[in-house]
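Every number in this text was worked out from the coordinates using simple rules, so none of it is lab data. Bear in mind that the values here come from a model prediction, so they are computed numbers and not experimental data. Please note: Cβ atoms are built from the backbone with ideal geometry, for glycine as well, and neighbour counts cover all protein chains shown.
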Number of protein chains: 2
Amino acid sequence: MENNCIFIEKLRSSGLRPTKQRIKICKLLFDRKKTFHFTINDLSKILNKEIRQKVSLATIYNTIHSFKKKGYLKEISVNKDKSYFDTNTSNHHHFLDMNTNELIDLKSEDVHNIKIKKRIPGKKINSIEVLVKIENSN
Amino acid sequence: MENNCIFIEKLRSSGLRPTKQRIKICKLLFDRKKTFHFTINDLSKILNKEIRQKVSLATIYNTIHSFKKKGYLKEISVNKDKSYFDTNTSNHHHFLDMNTNELIDLKSEDVHNIKIKKRIPGKKINSIEVLVKIENSN
DNA sequence: ACACTACTTTAGAATCATTATAAATTAGAA
DNA sequence: TTCTAATTTATAATGATTCTAAAGTAGTGT
């Protein structure tokens, strides 16, 4: 219970009321050591595994979008079927395992020296995203 | 009319019957100097601008998928709303203009020195895709 | 030219992720 | 406690894509 204080504070300081649904989602997403990659569907399944306190799909969408807007989550465009989200909001890249459809983080340092030689007049670079597709090497 | 011969041959040699719908789509996609980026919706609008010979949505999807499978088109994951296709099937990257949602080709040479330091055991790299998001620099 | 069969096209239905809606619930302030 | 605005929720709506099954067409053999 005391653990939730961090999340309650986090939510409150972002102008989001700390409802039990949001706290539950916070715990699931942010109370972990390693980066977590997920789809809304994944999240819904995990959240609603225990029947006692279900969170509706609409709330999951709302909450994830709020979190993204606040910068707590990154959205990753991998394929058009589903949206992937990433709890690692730092500047980094990804492996995509074509066999399992799993995302794996690549630290910024793991991809060195990305230099873009071409420029578009009147435009500035906002971000550079690298997706490395991998597959079984058998 | 004679122009179509190229496309008829191309289709035939790929085991695709040269129907008038496919030829029409071929002309639209491949009879141009510059790379063409499009969504199915774009294509449908252009194809069906003239009312005389409409091509159904289902046929457009079928044809584009066939072309992709044959390697005549590349599919690009930019955002989950829509699928983008690219008539440039060579190894290259993209700018994505966040203001207009437009894709712009980046030659392979325009992005130099992509080296991935990390490896995943049992996996080999299939492709490396770089997406450079740009926006108005006003 | 004719007939046959497999390939294509097509309209419309089905699907699936996501968003909108509107009513019921809840948090925080007075 | 009471009030109001924020939130949750079930359900409907949307929009891209896929499926389906019937009608049309290309290519082969006659």
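Values computed for the structure shown
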quantity: Length released on extending from B:Lys118 to B:Leu16, taking residue separation times 0.36 nm less the Cα-Cα span; calculated: 32.5 nm
quantity: Förster radius 30 Å - calculated FRET efficiency between A:Asp42 and B:Tyr61, Cβ distance, rounded to 0.05; calculated: 0.60
quantity: Charge dipole (debye, nearest 20) of the protein assembly as shown; +1 at Cβ of Lys and Arg, -1 at Cβ of Asp and Glu; calculated: 360
quantity: Fraction of beta bridges assigned by DSSP in chain A that are antiparallel (%, nearest 5); calculated: 75
quantity: Surface/4 of the Cα convex hull for chain A, nm²; calculated: 11.9
quantity: Label-point separation, B:Lys68 to B:Ile23 (7 Å along Cα→Cβ), nm; calculated: 2.7
quantity: Calculated FRET efficiency for the pair A:Asn138/B:Thr89, C-beta based, R₀ 35 Å, to 0.05; calculated: 0.85
quantity: Solvent-free Debye scattering, log10 I(q)/I(0), computed from the Cα coordinates of the protein assembly as shown at q = 0.15, 0.17 Å⁻¹; calculated: -1.21, -1.35
quantity: Per-residue average of Cβ from other chains inside 10 Å of A:104-114; calculated: 4
quantity: Exam field: A:Asn62 pseudo-label spacings to other copies (7 Å along Cα-Cβ), nanometres; calculated: 4.4
quantity: Orientation-averaged projected area, Cα convex hull of segment B:90-134 (nm²); calculated: 4.0
quantity: Pseudo-label separations to other copies for A:Asn3 - Cα-to-Cβ vector, 7 Å, nm; calculated: 6.7
quantity: Within chain A, helix-based [θ] at 222 nm, where runs of 4 or more DSSP H residues each add -39,500 (n - 2.57), nearest 500; calculated: -9500 deg cm²/dmol
quantity: Over 18 Å between alpha carbons, listed pairs A:Lys117/B:Lys68; A:Lys34/A:Lys70; A:Lys74/B:Lys123; A:Lys34/A:Lys107; B:Lys68/B:Lys107; calculated: A:Lys117/B:Lys68; A:Lys34/A:Lys70; A:Lys74/B:Lys123; B:Lys68/B:Lys107
quantity: Label 7 Å beyond Cα on the Cβ vector: B:Ile120 copy-to-copy distances, nm; calculated: 3.0
quantity: Cα-based helix-to-principal-axis angle, B:57-70 vs chain B, degrees rounded to 10; calculated: 60
quantity: Gyration tensor verdict on segment B:4-76 (Cα atoms; rounded if a/c is under 1.5, prolate if a/b is larger than b/c, oblate otherwise); calculated: rounded
